[in-house]
Structures are given as structure tokens and as C-alpha cells.
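In what follows, a structure is listed as C-alpha cells, so that the remarks can point back to it.
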Amino acid sequence: MSDLEKAAKDAVDAEANTDQLALIAALLKVQQLTQQPTAPPAPVVRSSGGAAKWIGIGMGGSALLLAVAVSAIAVAISAVALTICILILRSVWQDIRKND
């Protein structure tokens, strides 16, 4: 058998192998596509007392904001009272200094 005949025979064998490999690859691809695992259904999440929780948070938040507002009013009244007191004391001090 000559080198040329041997090379021709190897080429024919390689072509047959290539055809077989392509066929095997196609079969594997079809098998993968038909046997893909299906995802299990998502579990149902049930919330217990969702509305009551938010109503409680809303009421607590409202009470907190009301307390902050009353505190702000108290601070404002205290500031006004302190200002009036300082003005009165300043006026009294000036009267005392004028009489001396």
C-alpha cells in the first residue's frame, strides 16, 4: 500500500468520523433540549397580620410625631418666655442704672 493510498484511506476514515461526531453532537443537543429539568413551583408566601402590622406602625408613628410636635411647641413657648424675661430684666437694670 502506497503513501498516497494510505492518506486517501485516512481522509475517508476522518470524514466518516467527522460525520459520526456531528451526528453524536446533534443527538446530545436534542437530548439536552428535551430533558431540561423543570423548575419546581415557587412556594406561596403567606403574610400573617400584614394589615394589622402596618396599622400599628402608622399609629405608633403618629403618636411619635404628635409627641415631637408638642415638644417643639413647648420649646417655642419657653423661648418666648425667656426672651420676655430677659427684656424685662434689661429694662429694670437700665432703670436702676439711670437712678444712680
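Kindly provide the set of residues from the range 89-100 that are part of a helix (DSSP H, G or I) and either open to solvent by 100 Å² or more (accessible area, probe 1.4 Å) or of a type in the set (D, E) (or both), ordered by number. First the steps, then the outcome.
Taking the range 89-100 as the starting set, the residues that turn out to be part of a helix (DSSP H, G or I) are 89-99.
Across the range 89-100, the qualifying residues are L89, R90, W93, D95, R97, K98, N99.
With respect to R90, determine if the residue is basic (K, R) and modelled with pLDDT of 90 or more. Criteria met by R90.
Residues that are at pLDDT 70 or above and open to solvent by less than 100 Å² (accessible area, probe 1.4 Å) within the range 30-48 comprise V30, Q31, A42, listed in sequence order.
The values are calculated or read from the model by the stated rules, or taken from the named source; none is laboratory data. Remember, it's a predicted structure, so these values are computed and weren't measured experimentally. Note: accessible area is taken over every heavy atom of the protein model, side chains too, but ligands, DNA and RNA are not part of it. Shrake-Rupley method; radii C 1.70, N 1.55, O 1.52, S 1.80 Å.
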